Amino acid sequence: MGRESLSWFRFPWGLLVTCALLVACAPPPKETIPAEANWAHQARGLYRSGRFQQAAEAYQKAAQVSPGNQRSSYLLRSADAWIYAGETDTARQILQSIDPSPLPPPERVFFHLLQARVALEAGQPEISWKHLQQLRPEQIPAPLRKRYLELRAQTFTLQGKLVASIHERIQLGPLLQNPQEVEDNNRAILEALMLLPESTLDDIGATPNQDLAGWVELARILRSHPYRSYELDSSLAQWQARYPYHPANRGRFLEKVLPARQPTLTPPQRMALFLPSSGPYQTAAEAIRLGIEAVRMLPSSTYHPDLIAYDTSSEDPAILYRQASEQGAEVILGPLQKASLERLSHLEEFTPPILAFNRIEELSRPGLYQLALPPEEAVEQSLASAWLHEHQSMLALVPDSPLGSRVEKRLHEYWETLGGEVLEIQHYDPAATDFSQPIRRLLNIDESQRRFQRLRKVVWEIHFEPRIRRDADFLFLQANPRQGRLIRPQMIFHRADYLPVYATRDIYEGHPNQKWDQDLEGIHFCDIPWLLGGDYESAPPVNLFEADYGVHSGSYLRLAALGMDAYHLPFTLLVGDYERFPGATGKLRVDVHGWIKRQMTCAKFQQGVPVIYGLAPEISAQPPQSDEISP
């Protein structure tokens with residue numbers, strides 16, 4: 001779905017509320033200051049004509065010659081106009097100069113809504129939410145209610161809380177009058193529903209709200225029929241008969257949605273698969289190959305191109321690329337090895353395009369797409385979930401290994417850029433079973449014991465009660481299931497059960513195991529949705545996959561899911577059919593570098609079972625800015 005279009009900018013809603021707020025909230029001055037009236041009159045005319053920068057400047061001039069709350073009122077309108085003009089940094093500076101506490105209630109509402117909008121523009125939904133939390137629904141003046149609901153919906157979406165966003169948009173719908181706004185809102189509801197797992201649709205579909213029930217049923221119909229067909233038309237006709245007054249039945253919305261569900265380009269008729277058959281990457285290549293094979297065999301699969309495999313174990317990938325091109329391949333899936341990708345990067349052009357199973361950070365070329373499962377991505381999404389939960393001070397426990405070094409580097413970069421603090425990082429032996437030493441060092445227990453020994457030399461009869469640190473908000477843990485099941489109980493033994501724990505997807509072995517995972521109780525982590533119980537038309541359920549191909553570890557299954565997504569992307573995301581594709585490894589999108597980015601699903605171990613609590617929030621890592629809310 002991506003970041004939602006800010007459709008409200010196309011309609012100058014500030015005009016609707018300007019007069020109402022000025023009349024309702026600010027008592028008319030006893031004397032009209034001519035300069036103020038002149039600048040305000042000019043500003044309103046400029047605003048009305050769409051000359052927002054000039055309007056913003058005129059409102060600032062009016063503010064300069066106005067007293068008290070009247071000055072703040074004009075500054076608010078100036079900030080509003082600067083936002084319309086695309087100058088959100090200027091709007092932010094103006095808003096930071098305003099103390100909202102003496103403002104009349106409607107103007108205070110306007111202040112927080114503008115602050116929320118500026119935060120969303122900066123990709124900071126957590127700050128937007130702090131401002132929206134200052135408001136109660138009954139406080140919102142009628143002209144601002146539409147804006148309030150839309151900001152809440154957009155904030156929830158960027159936080160990964162799709163169900164909450166859907167509820168806000170359903171409330172928003174009846175307030176919209178502009179046909180384009182209605183259509184955009186309907187599309188946002190439908191796209192969000194299409195990204196939810198089937199179990200979540202079951203939960204929210206059992207509702208007395210007929211509009212929501214209709215939306216859920218419509219999403220299921222469209223999910224079951226990816227392209228236009230007789231079966232789709234028949235199912236929609238039955239749906240329209242059941243929900244004749246549904247919002248999606250108005251304004252010819254379905255007629256506009258359906259054409260977009262037809263392929264915009266002819267899918268490739270022949271693809272090449274570049275994977276090794278031997279060597280250190282053999283097992284990973286086998287998992288990807290089986291994932292591709294599994295989705296090709298799905299009864300629901302609507303495309304069946306020729307797929308020719310090329311062995312990259314020993315052959316020069318550049319030679320194989322030329323062979324595949326000469327044999328009519330329209331897309332190359334692979335290679336897997338980074339060295340092979342580096343070799344291909346020297347080609348003059350990528351025709352046919354390449355969808356690689358690895359990523360080189362500095363490599364970006366037209367026609368090259370990079371689909372991988374980098375540990376840095378897992379770190380970011382786990383930390384984004386912790387940040388959303390308002391944690392700031394981190395302790396970290398990582399393995400003393402090459403993986404641990406990559407994880408440590410990224411967690412430092414990402415967390416500090418968000419504005420958090422890394423208090424301390426300890427390393428552990430990945431092969432160990434006793435992790436007490438790094439845990440004791442991390443919790444400052446060793447230092448506490450040394451203080452006791454020094455004190456005991458002076459006072460012999462003294463009882464030792466270890467004192468652990470209390471300055472951290474949470475613990476970040478990089479561990480596999482075996483390590484995690486040992487580390488978590490040892491943390492509790494050392495009285496650190498008060499610390500929330502956030503881990504990467506490596507903590508989960510890929511199968512619910514209530515008996516063994518009791519020892520992971522309370523740990524938060526983000527993983528690919530396919531392993532957390534999501535049902536997809538584009539992938540077989542995990543149990544059916546393993547019935548055909550054997551039971552495997554979580555790391556193997558994640559690579560199989562990567563193969564499933566790779567097979568679908570040349571028919572969906574890469575040909576423009578989707579802005580975001582609900583894949584087995586997450587909600588996928590293509591960024592400007594040709595990297596396939598994903599938004600995973602987050603869960604928490606409860607009674608030994610992972611329980612989903614939402615999508616990983618998309619939070620941009622930007623230098624922290626002063627965004628304090630005035631008391």
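The values are calculated or read from the model by the stated rules, or taken from the named source; none is laboratory data. Values in this document were obtained by computation on a predicted structure and should not be read as measured data. Cβ: placed from backbone, ideal geometry, glycine included. Neighbour counts: every protein chain shown. Just the protein is used for accessible areas: all its heavy atoms, side chains included, with ligands, DNA and RNA removed. Shrake-Rupley method; radii C 1.70, N 1.55, O 1.52, S 1.80 Å.
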Checklist entry - More than 14 Å apart: what percent of Cα pairs in region 187-247 qualify? => result 55
Checklist entry - Over all distinct Cα pairs, what is the inverse of the mean 1/r for region 74-115, reported as the Kirkwood hydrodynamic radius in Å? => result 10.1
Checklist entry - Once you put a point 7 Å from the Cα of GLU413 and another 7 Å from the Cα of ASP471, both along the Cβ direction, what distance in nm separates them? => result 2.7
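Once you keep just the Cα pairs under 8 angstrom separated by 6 or more residues, what percentage relative contact order results for the chain? Please list the in-between numbers first.
Details: 985 pairs, mean separation 81.3, N = 631.
Reported relative contact order: 13 percent.
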Checklist entry - In bins 10 Å wide, starting from 0, what share of all Cα pairs of region 350-397 does each bin hold, as a percent? => result 21, 35, 22, 17, 5
Next on the checklist: Need one number: the % of Cα-Cα pairs in region 145-239 sitting beyond the 16 Å mark.
Outcome noted: 56
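Test of understanding: given the chain, find the longest segment containing no chymotrypsin sites (Phe, Trp or Tyr not before Pro) that are in a DSSP loop and have at most 14 other Cβ atoms within 10 Å.
Details: sites that count: TYR227, TYR245, TRP460, PHE464, TYR498.
Result, exposed sites excluded: 1-226.
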Checklist entry - Where both partners of a DSSP beta bridge lie in the chain, what percent of those bridges are antiparallel, to the nearest 5? => result 35
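Only helices at least 30 Å long along their axis, Cα-based, and averaging 1.6 or more on Kyte-Doolittle count here, so list those DSSP H runs from the chain.
Values: long enough: none.
Helices passing the filter in the chain: none found.
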Item to check | Unit Cα scatterers, Debye sum, the chain: log10 I(q)/I(0) for q = 0.06 Å⁻¹ | outcome: -0.41
Next on the checklist: Could you check the spin-label model distance between GLU342 and ARG482? Points 7 Å from the Cα along Cα→Cβ, value in nm.
Outcome noted: 3.1
Checklist outcome for this item: In region 389-450, the GluC sites (Glu not before Pro) that sit in a DSSP loop and have at most 13 other Cβ atoms within 10 Å of their own Cβ are GLU390
Checklist entry - What share of all Cα pairs of region 70-221, in percent, falls into each consecutive 5 Å distance bin? => result 1, 9, 17, 18, 19, 14, 9, 5, 4, 1, 0
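For region 307-456, what is the convex hull volume of its Cα atoms per residue in Å³?
Numbers: hull volume 26.0 nm³, N = 150.
About 174 Å³ per residue, rounded to a whole number.
Compute the whole-percent fraction of alpha carbon pairs in region 358-441 spaced more than 20 Å apart.
On the way: 1595 of 3486 pairs.
Percent of Cα pairs beyond 20 Å in region 358-441: 46.
Per residue, how large is the accessible surface of the chain? Use a 1.4 angstrom probe and give square angstrom. Let's see the in-between values first.
Working: 28080 Å² over 631 residues.
About 45 Å² of surface per residue is accessible.
Report the gain in length on full extension from VAL551 to ALA237: 0.36 nm times residue separation, minus Cα-Cα distance, nm rounded to one decimal.
Working: separation 314, 0.36 × 314 = 113.04 nm, distance 4.24 nm.
Between VAL551 and ALA237, full extension yields 108.8 nm more.
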Item to check | Spacing of the two label points (7 Å from each Cα toward its C-beta) at VAL422 and LEU175, in nm | outcome: 4.2
Item to check | region 286-390: Rg to Rh, with Rh as the Kirkwood radius over Cα pairs | outcome: 1.05
Item to check | Computed E for LEU403/ALA37 - FRET, C-beta separation, R0 56 angstrom, nearest 0.05 | outcome: 0.25
Checklist entry - What per residue convex hull volume, in Å³, comes out for region 247-326 when only alpha-carbon positions are used? => result 142
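Quote the convex hull volume per residue of region 293-339, based on C-alpha atoms, as a whole number of Å³. Don't jump to the answer; show the numbers that get you there.
Numbers: hull volume 4.3 nm³, N = 47.
Hull volume over Cα atoms, normalised by residue count, gives 91 Å³.
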Checklist entry - Quick one: with all protein chains in place, what share of the accessible area of region 321-366 is carbon or sulfur, to the nearest percent (1.4 Å probe)? => result 45
Item to check | Span from the region 467-545 Cα centroid across to the region 368-400 one, whole angstrom | outcome: 14
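Computing the accessible area with a 1.4 Å probe over protein heavy atoms, can you report the carbon and sulfur percentage for region 503-602? Before the final figure, lay out each step's value.
Details: 1690 of 3250 Å².
Looking at region 503-602 in its full context, I get 52 percent from C and S.
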